[in-house]
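Below: the structure, in structure tokens.
The values are calculated or read from the model by the stated rules, or taken from the named source; none is laboratory data. Note that the structure is a prediction, hence the values are computed from the model and not measured. Positions of Cβ are backbone-derived with ideal geometry, glycine not excepted, and every protein chain shown enters the neighbour counts. For accessibility, only protein heavy atoms count, side chains too; no ligands or nucleic acids. Shrake-Rupley method; radii C 1.70, N 1.55, O 1.52, S 1.80 Å.
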There are 2 protein chains.
Amino acid sequence: MLFIDRLIERIIETKNPSVIGLDTSIGFVPPRIRDACEQELSRAGAGAHLRAAVDAEAIYRFNREIIDAISGIVPAVKPQMAFYELYGQYGAEAFVKTANYARHRGLIVIADAKRGDIGSTAEAYADAFLGPGVKGVEGSEGGEGGESGGLYCCDAMTVNPYLGIDGVKPFIDNCRKYKKGIFVLVKTSNPSSGDFQDLELASGGKVYELIADRVAQWGQGEGLLGAYGYSSICAVVGATYPAQAKELRARAKRVFFLVPGYGAQGGGAEGAAAAFDSAGLGAIVNASRSVLCAWSHERWGGKYAHDDFAAAAEAEALRMKSEINHAINATD
Amino acid sequence: MLFIDRLIERIIETKNPSVIGLDTSIGFVPPRIRDACEQELSRAGAGAHLRAAVDAEAIYRFNREIIDAISGIVPAVKPQMAFYELYGQYGAEAFVKTANYARHRGLIVIADAKRGDIGSTAEAYADAFLGPGVKGVEGSEGGEGGESGGLYCCDAMTVNPYLGIDGVKPFIDNCRKYKKGIFVLVKTSNPSSGDFQDLELASGGKVYELIADRVAQWGQGEGLLGAYGYSSICAVVGATYPAQAKELRARAKRVFFLVPGYGAQGGGAEGAAAAFDSAGLGAIVNASRSVLCAWSHERWGGKYAHDDFAAAAEAEALRMKSEINHAINATD
């Protein structure tokens, strides 16, 4: 089944168009988990390598508790590579273990890597994250081509389009070949996303609108366009720019949106709702810190201790689901 | 000393404004090296993990021979992250070992990672690659802040600007704080780089020109602008677009250029020469495959066997040095 159909079916099953970002900073992890890792690993070495190994393992164990708490609630998780790269090879292993554990628990895994490069380099990134799956790796698809996939193997990833179509094509090729997906950066959620994305073009329209049109073009055709009318070539459109999200929803009808910026970044459910179509489909909303650190949010009035982070994440994931569904229905 | 001054001094010392890209594909590695790794590691495990471990270690050993051959000739190397990510945690370790070995041999290391993200995520990438150095890691700078740096710790890295200034600022902050450098993508060397970079703006000029102006602005000020008049906030400008390189050289006088596209991508020395100033400074030209795979190039008429790849790389690095210096002098 195509990536986009798997994603939409899981969204329909869970009645939840949201995804939890695993942007796990070591500061989010309660001391009990990190201390246990330190005790277990202290024989493994010393210095910077030991610290990196301990922090990375602690992050993986934190993620595992989060995944256990939310796997029945959300269709997908989105680990953010930057927080794993901070720990070199130990972080890489924590990423691999997190992605495999999440897939093993039935979650779709979107690698938030924002990669973009050219020629054989873009091919290497595409094979690293969107390969066919690796035989003998738990949670991986295996299959015919299973010998050549990278260990990071995920269901989808984010891609930066600044290098043009030959920077994106290798990712699209792997989407078609291995039934994977990409989310191309179109209009990002950060305050200065307009610096370059909002530039007015001499030919009319803005840079991000032209990129949205290209993404729509790239997503046409066999092996990409799914049963629900959406393509596996998707876009990132921030919840913090609802007017632009609404305009893009009308403009690129077959492009599915990943919507960051909800929660800690200040985007409201109403902003996110602008990214959905009239049938309540067409987008998935991401929240990261607001779920991972829900235990400390004033909303819960001190109900949760740091050690209860997973229970708090579950409560927040349910609250978010309800809030987003409510906002989508109110928009219809 | 600022990154840009260290780089320029090494260029002056070696009389060589070129950098070797370590875009090492496993296909470049002679069977003797891979076989030795396979024999040594066969007790380590099985399946996909063993294959990844063997390939990654073979790539590191190949890189080590290349580094030994070229370290007296070139000022810098530029490992390309994509080729390491393909092997998950094993590739990450090969990257760390390659970067440390190169620094240990006196080379400046530019991580070609093309990262770009927002807020705390961009900070994590900046700390991963442009941290203060890690105590106890060979070739690393250590120093005061030495506890918090990532294991990937390099001298500089490439950065994608599509997310706007708050996607670049955390990298600039680390450049100032830890005397590191960045190369922001402005006009890339690939055939379709014009898809978005060459778009004409309603306000006049093109997208890449406006980005070049921003890079020039970002590079002003204390802690960034060096003794030779260039800034540690640098730009990527492809050798395959000599007219644009010439125009950008005149436009952004304090922005140092990393020039990819020479060699295997088809950019000539004359194209690269357009990126230099009248004093013969202001740029560094990258070649990857044409050096790593020099043994197989028709230029050497079968003189080198695959096992002689390092000797061939040395000969090609010297030939490239001479060709580029000749082209720069011809332009003056």
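For segment A:201-248, a decrease in accessible area of 20 Å² or greater in the assembled protein chains relative to the isolated chain, with a 1.4 Å probe, applies to A:LEU201, A:ALA202, A:VAL207, A:LEU210, A:ILE211. According to the Kirkwood relation over distinct C-alpha pairs, the hydrodynamic radius of segment B:168-282 is 14.3 Å. Amide H to amide H, with H built 1.01 Å from N, A:ALA76 comes under 5 Å of A:ILE20, A:ILE108, counting only residues 5 or more places away or on other chains. Inter-part distance, segment B:1-41 to segment A:1-52, computed on C-alpha centroids, equals 33 Å.
Under 13 Å from the Cβ of A:VAL74, count the other residues' Cβ atoms, weight Lys and Arg +1, Asp and Glu -1, and hand me the total. Value of the local net charge: +2.
Buried surface between chains B and A: roughly 5400 Å² of accessible area, summed over both sides, computed with a 1.4 Å probe on protein heavy atoms only.
Within a straight-line Cα-Cα reach of under 18 Å, B:LYS303 can be paired with the following aspartates and glutamates, leaving aside sequence neighbours fewer than 8 residues apart in one chain: B:GLU314, B:GLU316. Label-point spacing at B:GLY268 relative to the other copies reads 6.1 nm, in ascending order, each point sitting 7 Å out from Cα along Cα→Cβ.
Heavy-atom surface analysis with a 1.4 Å probe gives the protein assembly as shown a carbon and sulfur content of 50 percent of its accessible area. Placing unit charges on the Cβ atoms only, positive for Lys and Arg and negative for Asp and Glu, gives the protein assembly as shown a dipole magnitude near 300 debye about its Cα centre.
Could you tell me which of rounded, prolate or oblate describes segment A:179-225, using a ≥ b ≥ c as the square roots of the eigenvalues of the alpha-carbon gyration tensor, with rounded for a/c under 1.5 and, failing that, prolate when a/b is larger than b/c and oblate otherwise? Oblate, because a/c is 1.5 or more while a/b does not exceed b/c. 3J(HN,Hα) along segment A:75-81: x, 8, 10, 9, x, 9, 3 Hz, from the Karplus curve 6.51 cos²θ - 1.76 cosθ + 1.60 with θ = phi - 60°, whole Hz, x for Gly and Pro.
Distances from B:ARG251 to itself in the other copies, using label points 7 Å out along the Cα-Cβ axis, amount to 2.4 nm in increasing order.
For A:ASP68, the point set 7 Å out from Cα toward Cβ sits 4.9 nm from its twins in the other copies, listed from shortest up. Taking the Cα centre of chain B as reference, the dipole from Cβ charges on Lys and Arg (+1) and Asp and Glu (-1) amounts to some 320 debye.
Note on segment B:201-253: with charges restricted to the Cβ of Lys and Arg (+1) and Asp and Glu (-1), its dipole about the Cα centre is near 140 debye. Built from the Cα atoms of segment B:247-332, the convex hull projects on average onto 5.6 nm², one quarter of its surface area. Pair-distance distribution of the protein assembly as shown: all C-alpha pairs, bin width 20 Å, starting at 0; shares per bin in whole percent are 20, 55, 25, 1.
Its alpha carbons considered, segment A:8-119 gives a radius of gyration followed by a Dmax of 15.1, 48 Å. Electrostatic tally near B:ALA92: other residues with Cβ closer than 12 Å to its Cβ, Lys and Arg +1, Asp and Glu -1, net -3. Across all directions, the average flat footprint of the convex hull enclosing the Cα atoms of chain A is 17.0 nm².
Across the cross-link table entries A:LYS180/B:LYS180; A:LYS206/B:LYS253; A:LYS177/B:LYS180; A:LYS15/B:LYS169; A:LYS15/A:LYS177; A:LYS177/B:LYS114, which are compared at the Cα atoms, the separations over 31 Å belong to A:LYS180/B:LYS180; A:LYS177/B:LYS180; A:LYS15/B:LYS169. Rounded to whole numbers, the Karplus 3J(HN,Hα) couplings from phi for segment B:26-31 are 4, x, 7, 8, x, x Hz, using 6.51 cos²θ - 1.76 cosθ + 1.60 with θ = phi - 60°, and x at Gly and Pro. Rounded to whole Å, give me the distance from the Cα center of segment B:260-332 to that of segment B:191-235. With segment B:260-332 and segment B:191-235 each reduced to a Cα centre, they are spaced 26 Å.
In the context of the full set of protein chains, residues of segment A:216-328 present 39 Å² of accessible surface per residue (probe radius 1.4 Å, heavy atoms only). Residues whose amide H lies under 5 Å from that of A:SER288, counting only those 5 or more places away or on a different chain, are A:GLY21, A:ALA264; hydrogens are built 1.01 Å from N in the peptide plane.
B:ARG176 sits among other residues whose Cβ lies under 11 Å from its own Cβ, and their net charge, with Lys and Arg +1 and Asp and Glu -1, is +2.
Less than 5 angstrom separates the built amide H of A:VAL186 from those of A:VAL236, all sequence-distant by 5 or more or on a different chain.
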